[in-house]
Amino acid sequence: MDPKEFELPPVYEPKDVEARWYDVWEKSGIFTASRDKPKEKSFCMVIPPPNVTGSLHMGHALNDTLQDALARFKRMQGYNVLWLPGCDHAGIATQNVVERELAKTEGKTRYDLGREAFVEKVWEWKEKYGERIMKQIRKMGCSCDWSRERFTMDEGLSKAVQEVFITLFNEKSIYQDYKLINWCTHCRTALSDIEVVHKPKNGNFYHIRYPYVDDPAKFIEVATTRPETLLGDTAVAVNPEDERYQGLTGKSVILPLVNRKIPVIQDSYVDKEFGTGVVKITPAHDFNDFQVGVRHNLERINILNPDGTLNENAGVYRGLDRFAARKKIVADLEERGFLIKVEPHENNVGHCYRCDTVVEPYYSKQWFVRMKPLAEKALEAVDKGETKFVPEMWRGEYEKWLNNIQDWCISRQIWWGHRIPVYTCKNCSTQVAAAETPKACAKCQKTEFEQDPDVLDTWFSSGLWPFSTLGWPEKTKDLELFYPTSVLVTSWDILFFWVARMMMMGIKFMGQVPFKEVYIYSLVADEEGKKMSKSKGNVVDPLDMIDKYGTDALRFTLTSIETKQRYVALTPQKLESSRNFVNKLYNAARFVLMGLADGTEVKPLQKSDWGKLKLEDRWILTRLSQTIAEVTPDYEKYRVAELSQTLYRFLWNEVCDWYLEALKPRLYLEANSEEKKLAASVVVAVFDGVLRLLHPVMPFVTEELWHKLPGHHETIMKAAWPNPADYPVEDKVLAEFEFLQEVVTAIRTSRSELNVPPSAQLKLFTQGASVQFDPASQTAALLKTLCRVNELSPTASRPPKTALAVVKGGEVYIHLEGLIDLKAEASKQLKEKQKLEKYVQSIQGKLANDNFVKNAPVELVEGEKAKLRETKDKIASIENNLKFLEN
């Protein structure tokens, strides 16, 4: 055996290791799922497709980590894993990016190029930049099946989109109608309700006089936040139960500035207690007003152009931007005596989720999907347990949205995306949905058609992702093997955008739910728990974190903080802790390998060896078995924070702090002594288990170290998941070793408090049944190793000049004569006590200051209280030492 194969560089360099191993994995084809294995051994996930315009952000990083951990775990359990990658064409987002680029580089708009040339431009952009995020996903270590990578506008998925649309159209589940919809004046397109983000915004309440037609000297007072929309008013409304406005039925008022007569109507929608109790009704520019208009058969007057300027219905304000028009109209209202007052008012204003422009309610002709029949099936499936939510609380959110679902506006007035496959006969206006232009009209036999200019909402194609990516509408082997998928891993902010729609579409077109479980994880916030956003300047780039800490450290941090809350905080301290953990694993393995580099023969640990094992071996193997039994269901139930903490404690606290310390003398024995060979077999078995348990979360460092372990040549990805039954479990050994840990900890604490030099050999006396160690026992030998003890003997009473360590059922006395100067130590401890007492006084003074307690941040005040408690504990410990030292 060549000792060089055990060599590891003194410092772990993640960049070198990560690039090298990912290249090996991808070229080996190990990520590729088989089409020849039985369905019952299939495990499938589809990646939430990132936008083709996107760059890896911390949300992607968490999602990638969680999915990759599951994929690697399931492969090691023997499953045929398909983790299907791909990206989304992201209609509005991509078109906006390319339009900005076009304006910047060529000074042109999409209209200058025309539709066909512009779409060609977007495809060129996609080919040039579209692979960026896929490369970044690889950098996260993701074991996706790249041979099956999909794009929402590739040929197969486009065919699926057409098939779904045509089917729903022919069933009359898709229809076209004039309705009030959300409109983005920047993107110049309709938006669905859930594409509108409502945010608080400071504005005003404008109180306006609406004079009565029959007595213009009198008026009704109306308050509005959008005075420009009064140009489209077709009524004012009061509540029929409002006594202030009884007798107004049949009356009319004059619309200020426009001089149009509009009726006063009664409708229970009006809140008597809000504002003046009078509401202007603008059916073409407010969703509630639209419904009032339907009930009262009011005219709908649209005053806006698609770009947010006012149209011909605005009279003298035509051509003004909507916000410029607001200022002008308010000035005119004031000049003509119609403006009563202006009050500051905070309002929840809808913004476009893509460009953050204020959204307008807009009356236009759009395409819609009838959602209630689809929603009923999706609710029923969850009710029957066909799909489960983790955590369960998200089921309630899902059900609430589906129970209140409205028809989905699916048409978008942009050019990049799946063009709506509806053709209208130019002669008789008959509409037909088809995959290509019809040869002739079925009604009039004419041959000239015009295709609908709109494209489908991006989420329409995304809603088909779990089955379209597997080959539907064709009957493929992938569909047979991998649908329904096993679990969808996604964040809660797209529960309605995507998850609910996939459920509805999957059930409708496959007759089955698209996934058996939905694991909904947290959104990653900054270190103060605030949502990351570019405007706040608090975005943490995962690629920067990878460069600084390494991919494994970032992944371990993300799993450690993933506690299934809405938001989880990412802090530099957590990243540093995870990097330290990676280094701890690396250095521990390097220490072991250096101990085996003398040519010691290392054989796999056999059950026949169990009877020869030392106490520390039996303890660590028992703990390894228990850790496997604890961590395995955590992986299966998506308890990633719990499994991360369990593995952290096992490696750091038990393997490194205790087992390797106990093992050291045996690693320093002569090469190939029987005792060393057995020790080598055990420690390699322990690291074999640790690396397999950690691999799903930290793939790179575990692969690197795996190949350094004797007898480990194939990739760790092909290693079987460890079985608790493969290791001895001895409860008696656990109790024995845990008591030894108590004794060692007590001795070390006492030794540290009295400043006994670490190199000093101790003389110990023991009193009590629990500490009457057989000098020839393994426990006594370990105690001597772990505490640097050269003499251990029982005693009937406490000898003079000894420190006391109290343990369960006994006492241990540490002989100090010759180890420290007792008087000098007493003087030193007294000075430390006096210093700490002054510190206590300063903290108490701060906490006695009402201004500090009331005005300082809560965490700062609590921190001071914690310091006070800790310092008092230190003083109490020193006082105990002084009593001993002065006696």
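The values are calculated or read from the model by the stated rules, or taken from the named source; none is laboratory data. Given the structure is predicted, the values throughout are model-derived calculations rather than measurements. Ideal geometry is used to build each Cβ from the backbone, glycine not excepted, and the neighbour counts take in all protein chains shown. Each accessible area value is taken on the protein alone, full model and side chains, heavy atoms only, with ligands, DNA and RNA left out. Shrake-Rupley method; radii C 1.70, N 1.55, O 1.52, S 1.80 Å.
Based on what the data block shows, is VAL382 of a type in the set (A, V, I, L, M) and open to solvent by less than 10 Å² (accessible area, probe 1.4 Å)? In short, yes.
For region 670-688, residues that are open to solvent by less than 60 Å² (accessible area, probe 1.4 Å) and part of a loop (DSSP other than H, G, I, E, B) total 2. The residue pairs whose first member lies in region 6-29 and is in contact (Cβ under 8 Å) with a residue 24 or more places away in the chain, whose second member is basic (Lys, Arg) and part of a loop (DSSP other than H, G, I, E, B), and whose beta carbons are closer than 9 Å, counting only pairs six or more residues apart or on different chains, are PHE6/LYS708; GLU7/LYS708; LEU8/LYS708.
Scanning region 319-336 for residues that are more than 17 Å from ARG260 (Cα to Cα) and not hydrophobic (A, V, I, L, M, F, W, C) returns GLY319, ASP321, ARG322, ARG326, LYS327, LYS328, GLU334, GLU335.
Are any of the residues in region 834-842 closer than 28 Å to TYR668 by Cα and among the polar types (S, T, N, Q)? Explain how you work it out, then say what you get.
Looking only at region 834-842, we keep the residues that are closer than 28 Å to TYR668 by Cα, and these are none.
Scanning region 834-842, I find no residue that is closer than 28 Å to TYR668 by Cα and among the polar types (S, T, N, Q), so the answer is no.
The listed residues are PHE368, PHE338, PHE389, and the only one of them that is crowded, with 18+ Cβ neighbours inside 10 Å and within 19 Å of TYR175 (Cα to Cα) turns out to be PHE368.
Just to be sure before I move on: is ASP634 of a type in the set (D, E, K, R), part of a helix (DSSP H, G or I) and under 30 Å from LYS388 (Cα atoms) in the structure I sent? So ASP634 passes the test. Residues that are open to solvent by 30 Å² or more (accessible area, probe 1.4 Å), aromatic (Phe, Trp, Tyr) and not in a strand (DSSP E or B) within region 134-190 comprise TRP146, PHE169, listed in sequence order.
Selection of first residues in region 702-719 that are of a type in the set (Phe, Trp, Tyr) and of second residues that are open to solvent by 10 Å² or more (accessible area, probe 1.4 Å), restricted to Cβ pairs under 7 Å at least 6 apart or on distinct chains, gives the following pairs, ordered by first then second residue: TRP706/HIS712. Contact map, region 369-384: residues that are over 20 Å from VAL164 (Cβ atoms) paired with residues that are of a type in the set (Lys, Arg), Cβ distance under 7 Å, separation 6+ or inter-chain. Pairs shown: VAL382/ARG395.
Which of the residues belonging to region 550-577 are touching a residue at least 40 places away in the same chain (Cβ under 8 Å) and under 20 Å from VAL701 (Cα atoms)? Within region 550-577, GLY550, THR551, ASP552, ALA553, LEU554, ARG555, PHE556, LEU558, THR559, SER560 qualify.
The rows are residues; the columns are (1) in a loop (DSSP other than H, G, I, E, B); (2) surrounded by fewer than 21 Cβ atoms within 10 Å (Cβ to Cβ).
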site	(1), (2)
VAL258	yes, yes
THR276	yes, yes
PRO283	yes, no
ASN288	no, yes
GLN291	no, yes
VAL294	no, yes
ILE301	yes, yes
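For region 6-22, a residue qualifies if it is open to solvent by 70 Å² or more (accessible area, probe 1.4 Å) and among the acidic types (Asp, Glu), and the qualifying residues are GLU7, GLU13, ASP16.
Each row is one residue, and each column tells you yes or no for (1) part of a helix (DSSP H, G or I); (2) buried (at least 18 other Cβ atoms within 10 Å of the Cβ); (3) within 24 Å of the chain's Cα centre (by Cα).
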| site | (1), (2), (3) |
| --- | --- |
| ALA61 | yes, yes, yes |
| ALA71 | yes, yes, yes |
| GLY78 | no, no, no |
| ALA103 | yes, no, no |
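Close Cβ contacts (under 6 Å, 6 or more residues apart or on different chains) running from residues in region 430-445 that are touching a residue at least 12 places away in the same chain (Cβ under 8 Å) to residues that are part of a loop (DSSP other than H, G, I, E, B) and of a type in the set (S, T, N, Q) comprise CYS441/THR430; LYS443/THR430; CYS444/ASN427.
Residue-by-condition table, conditions (1) within 30 Å of THR185 (Cβ to Cβ); (2) at pLDDT 95 or above; (3) open to solvent by 10 Å² or more (accessible area, probe 1.4 Å); (4) touching a Pro at 6+ places or on another chain (Cβ under 9 Å):
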residue	(1), (2), (3), (4)
MET393	no, no, yes, no
LYS400	no, no, yes, no
HIS418	yes, yes, yes, no
VAL422	yes, yes, no, no
VAL432	no, yes, yes, yes
ASP452	yes, yes, yes, yes
PHE467	no, yes, no, yes
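The set of residues in region 107-124 being assigned to a helix (DSSP H, G or I) and open to solvent by 80 Å² or more (accessible area, probe 1.4 Å) consists of TYR111, ASP112, GLU116, GLU120, GLU124. Within region 566-605, if we keep just the residues that are part of a helix (DSSP H, G or I) and of a type in the set (Gly, Ala, Ser), the residue that is surrounded by the most Cβ atoms within 10 Å (Cβ to Cβ) turns out to be SER578. Of the candidates TRP459, TRP498, the single residue that is open to solvent by 10 Å² or more (accessible area, probe 1.4 Å), of a type in the set (Phe, Trp, Tyr) and in a helix (DSSP H, G or I) is TRP459.
Please work out which residue is most open to solvent (accessible area, probe 1.4 Å), limiting yourself to region 757-778 and to residues that are aliphatic (A, V, I, L, M) and modelled with pLDDT of 85 or more. Selected residue: ALA760.
Just checking, does region 548-558 include any residue being in a helix (DSSP H, G or I), hydroxyl-bearing (Ser, Thr, Tyr), within 30 Å of SER777 (Cα to Cα) and modelled with pLDDT of 90 or more? No, region 548-558 contains no residue that is in a helix (DSSP H, G or I), hydroxyl-bearing (Ser, Thr, Tyr), within 30 Å of SER777 (Cα to Cα) and modelled with pLDDT of 90 or more.
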